[in-house]
Amino acid sequence: MLPRCHGTLGETPYNETMNIEQPFSALTPDGVMNALDSVGLAPDGRLLALNSYENRVYQVGMAEGPPLVVKFYRPGRWSDAAILEEHAFVSELAEREIPVVPAEPLGEDKTLHEFAGFRFAVFARHGGRAPELDDGQTLEWLGRFIGRIHAIGALSPYRSRPALDMASFGEEPRDFLLAHEFIPDDIRDVWGSVVDQALDGVAAAFDQAGQVEILRLHGDCHAGNVLWTDTGPHFVDFDDSRMGPAIQDLWMLLSGERADMTRQLHHLMAGYQSFQDFDPRELLLVEALRTLRLIHYSAWIARRWDDPAFPAAFPWFGSQRYWQDRILELREQVALMNEAPLSLC
């Protein structure tokens, strides 16, 4: 089974004067507290760093009331307009009683704030556990809510956020990795050749699928971004939300052998199609989208290598073994893209 990559999906640069190489070096615990104080909140000094590499996210205790979660956005990644567009989408979903966690409007009813050069947003804290993806009822429940998300996502397009495409998720990451010499010299040509084969397979899959609808997506809908409680799921972290085909929010919930994924897909679709139509041609894109994610994931780590958090978190990146494994998994993807797609029947 291929690894599930839980990194970020993409980025839209904008002009920013902060140090992009070490973007969070000036973000101290006092800075977090002062940022919250600047929007009228009263933290009590309790601070817990949550698992996030792309941004910096903290649970902060409040002098009154439950803890809140504050996200400090990585400088240079999204424009203000793109962040606000995501906030608006999530708020739109919350207004329709879809279980998501929108940014809290504070001060002048703003959801995006700035303090000492950092942009940040504040969210209610929602706990939960990982969903049991082997359970058919759980998958059907998830499918219903993803269908509802997509029904709203299809109503209007993003204008500031990009679409998921082969250029930005495959070709550009390939070119970046080759240009910046992250791949060992003795396997660089082999890796480049295999990536080109894989991208040919991606292009063929998209050609075969034809013109499929794109809509506003969660964008990074893996199990880690779904928190489960006794009352059901809620979806968090729309930071990678963008335009794309519906299957992008479904394929990451499939795992195992082909028979396992077929069973899981049937449960998801039993819920999904209660609220949103699904074009079966999109099943041709499952392995193509997985291939793009794998290529992009390596480039994402490479782009962030000057951030001290990344060498500490990914010490194996750049080793001979790492790139040999990437070659093997891309060869596997080339073979999988030549197989018949999963079926709804």
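The values are calculated or read from the model by the stated rules, or taken from the named source; none is laboratory data. Predicted, not measured: the structure shown is a model, and the values here were computed from it. A quick note on method: Cβ atoms are made from the backbone with ideal geometry, for glycine too, and the neighbour counts reach across all protein chains shown.
Being surrounded by fewer than 19 Cβ atoms within 10 Å (Cβ to Cβ), closer than 14 Å to W191 by Cβ and not basic (K, R) is a description that applies to S319.
Looking at I183, I187, I146, I214, can you tell me which residue is in contact (Cβ under 8 Å) with a residue 12 or more places away in the chain, under 28 Å from V57 (Cβ atoms), of a type in the set (A, V, I, L, M) and in the same structural domain as R304 (by TED's automatic domain parsing)? Spell out the reasoning first.
Values: I183 fails: under 28 Å from V57 (Cβ atoms); I187 fails: under 28 Å from V57 (Cβ atoms); I214 fails: under 28 Å from V57 (Cβ atoms).
Step by step, each of I183, I187, I146, I214 is checked, and only I146 is in contact (Cβ under 8 Å) with a residue 12 or more places away in the chain, under 28 Å from V57 (Cβ atoms), of a type in the set (A, V, I, L, M) and in the same structural domain as R304 (by TED's automatic domain parsing).
Can you tell me which residues in region 160-169 are out of contact with any helix residue (DSSP H, G or I) (no Cβ under 7 Å at 6 or more places or on another chain) and in contact (Cβ under 8 Å) with a residue 24 or more places away in the chain?
Of region 160-169, the ones out of contact with any helix residue (DSSP H, G or I) (no Cβ under 7 Å at 6 or more places or on another chain) are 163, 165, 167-168.
Within region 160-169, A163, S168 meet the criteria.
In summary, strands (runs of 3 or more DSSP E) completely within region 1-115 and bearing 1 or more residues that are among the β-branched types (V, I, T) and modelled with pLDDT of 90 or more occur at 56-62, 68-72.
Do we find that R188 is farther than 22 Å from M337 by Cβ and surrounded by fewer than 18 Cβ atoms within 10 Å (Cβ to Cβ) in this structure? Can you show your working first?
Working: farther than 22 Å from M337 by Cβ: yes; surrounded by fewer than 18 Cβ atoms within 10 Å (Cβ to Cβ): yes.
Criteria met by R188.
For the list (1) more than 30 Å from E97 (Cα to Cα); (2) touching a residue at least 60 places away in the same chain (Cβ under 8 Å); (3) part of a helix (DSSP H, G or I), I need the number of the one condition that G224 fails. Unmet for G224, out of (1) more than 30 Å from E97 (Cα to Cα); (2) touching a residue at least 60 places away in the same chain (Cβ under 8 Å); (3) part of a helix (DSSP H, G or I): (1). If you go through region 136-155 one residue at a time, do you hit one that is more than 23 Å from T229 (Cβ to Cβ) and either surrounded by 18 or more Cβ atoms within 10 Å (Cβ to Cβ) or in contact with a Cys (Cβ under 8 Å, 6 or more places away or on another chain) (or both)? Looking for residues that are more than 23 Å from T229 (Cβ to Cβ) and either surrounded by 18 or more Cβ atoms within 10 Å (Cβ to Cβ) or in contact with a Cys (Cβ under 8 Å, 6 or more places away or on another chain) (or both), one finds at least one in region 136-155, hence yes. Of all the numbered requirements in (1) touching a helix residue (DSSP H, G or I) at 6+ places or on another chain (Cβ under 7 Å); (2) surrounded by fewer than 20 Cβ atoms within 10 Å (Cβ to Cβ); (3) in a loop (DSSP other than H, G, I, E, B), R331 misses one, and that requirement is (3). For region 272-305, the set of residues classified as closer than 18 Å to I183 by Cβ and assigned to a loop (DSSP other than H, G, I, E, B) consists of R304, W305, listed by residue number. Taken together, the residues in region 68-81 that are surrounded by 17 or more Cβ atoms within 10 Å (Cβ to Cβ) and either under 15 Å from the mean Cα position of the chain (by Cα) or not hydrophobic (A, V, I, L, M, F, W, C) (or both) amount to 7. Set side by side, the residues G232, G224, G210, G256 differ, and just one is surrounded by fewer than 18 Cβ atoms within 10 Å (Cβ to Cβ) and in contact with a His (Cβ under 7 Å, 6 or more places away or on another chain), which is G224. G256 fulfils the conditions (1) part of a loop (DSSP other than H, G, I, E, B); (2) in contact with a helix residue (DSSP H, G or I) (Cβ under 6 Å, 6 or more places away or on another chain) except for a single criterion, (2).
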